[in-house]
1. What's the local net charge at K124, with K and R +1, D and E -1, over the other residues with C-beta under 13 Å away?
2. Note the per residue figure in Å³ for the convex hull of the C-alpha positions in region 244-327.
3. Mind ordering 235-245, 48-58 by average Cβ neighbours within 10 Å, highest first?
4. Angle check, please: helix 172-205 long axis (alpha carbons) against the longest principal axis of the chain (alpha carbons), in degrees 0 to 90, nearest 10.
5. At a 10 angstrom cut-off on C-beta neighbours, averaged per residue, how do the peptides 140-146, 273-279 rank from highest to lowest?
6. Rounding to the nearest 10 and keeping the result within 0 to 90°, find how far the Cα-based axis of helix 263-275 lies from the longest principal axis of the chain.
7. When N counts the residues of the chain, how does its alpha-carbon radius of gyration compare numerically with 2.2 N^0.38 Å, as a ratio?
8. Mind pulling the angle between the C-alpha long axis of helix 298-310 and the longest principal axis of the chain? Nearest 10 degrees, somewhere in 0 to 90.
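Just so it is clear, none of the values below were taken in a lab; they were calculated from the coordinates. It should be emphasised that the depicted structure is a prediction, and the values quoted were computed from it without experimental measurement. Glycine gets a Cβ as well: all are built from the backbone with ideal geometry, and neighbour counts include every protein chain shown.
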Amino acid sequence: MKTKIALIIAAVFMATNFSFAQQDEECMLNLTLMNDFVKSKKYDEAYEPWMKVRNKCPKFNLSIYKYGEKILDHKIENSEGAAKVDFVSDYMKLLDGGAEHFSSKYSAGEVMEQKALLKYENQKELGLTDMQIYEAFDELYQKYPKDFTSTKGLYVYFTKTVDVFKDGKFELQKVFDKYDDVNELIENLNEGYTKSVNTLIEKEEGGTDLGKKEDKYKTYYLAKLEANDKITGSLDTYLGQLANCENLIPLYKKDFPTYKNDAVWLKRSVSRMYNKECTDDPLYIELVKAYDATAPSADTKYFVATILYKEGKNQEADKYIKQAYDLETDSFKKSKLAKKIANGFKRRGSYGAARQYYREVLSLNPSDGTPHLQIAAMYAKSANSCGDDNFSKRAVFWYAAQEARKAGQIDPNLRSNAAQAAASYEANAPTTAEIFSKGNQGQTISIGCWIGGSVKVPNL
């Protein structure tokens, strides 16, 4: 019975659509013309039929809005003055129309994001101030943070905060708060992209080929991760000297009595002082202790460990490091923590411990190839200590090159860096003449010391 009802409803729906199409042959004709012109990238020719179908039949088809965006992008790019402003204004109306008639494809947050970007990209023509651009993105952040996904938009949001501060309209704390807000948004986005791409990578490693759609998604996720990585560095550059110890310490000393029990404020303050290497000041220790007392977590244990390492209490610090790692349960955050711990051990010259945690990163986040480059660098730096003679010592560079190449194999964004690193290491490996003299071409030789491994001598 349910099947019959469904078929009847479907038949009525099809008949209604057919009748509607018959009654609006003009709309169908203009829609077809618009589609053909847009597909041929003849946007000027597409403009007239597009406007006709848009005005007469605004609910007719989603392509009125999706293709309309392409048409207006072209018009804005190729116009000036009042005409350009009119096209920008019309783009705003088009987005509102999309939200009205195709809400599933034009969410309120996505529309707000696109409008904010339009305002920024045409700020001069629209006569908007930096404050107005900031407010457009801030409204998006306050109302629809989950829809705030544009890498460009996130960068603009923060840089306009700095610009408004420099105009004397914001306090310095506002800049720091917004820096943290934007970085947290980026981190949340990256967590989602990383988990999605890792699922696809695990599928490939399991021997299953990705479909065309899956392959496109993988490329998209990797591109977004690369873009977000670049923007993170750009945010630090734009923040510049505003976040130096000379500014941070007096600011946090002033605010500490007020926020000494505020876990979010403490986390941000401790993280910034650590990242900006302001850890010699006694305030850093006070902040870390307050943070650990207020909200003990993997983060707080890690920061306590940094203090202990600084005091030379390495064994006690190692215990806190292990606590920090064991306390973290989220795989993405755990991989980031593992990398941070590994970097710390590497800086202190504890290469064996560093490699252990770099391998944890590789296990937790298979799409991240950077640990391979770090491990390779440690191998190369240890070459002079890992061999009985000059040949065996320099053979370590083959092993380092082998490790470096793995980075490019799992992370396309690192292919160039991995290839350059491998070439650099191989340049320091034994020469053809030395291999010939040694007479061990094609043989597998052991790598000593902490590295522990083997490498095959190239055939001549």
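1. Values: positive: K84, K119; negative: E80, E121, E125, D130.
Net charge around K124: -2.
2. Working: hull volume 6.3 nm³, N = 84.
With only Cα atoms used, region 244-327 gives 75 Å³ per residue.
3. Values: 235-245: 14.4, 48-58: 17.7.
Going by the mean number of other Cβ atoms within 10 Å, highest first, we get 48-58, 235-245.
4. The angle comes out near 90 degrees.
5. Details: 140-146: 15.1, 273-279: 16.9.
So the peptides 140-146, 273-279, ranked by packing, come out 273-279, 140-146.
6. Computed tilt is about 60 degrees.
7. In units of the globular-protein estimate, the chain measures up at 1.28.
8. 40
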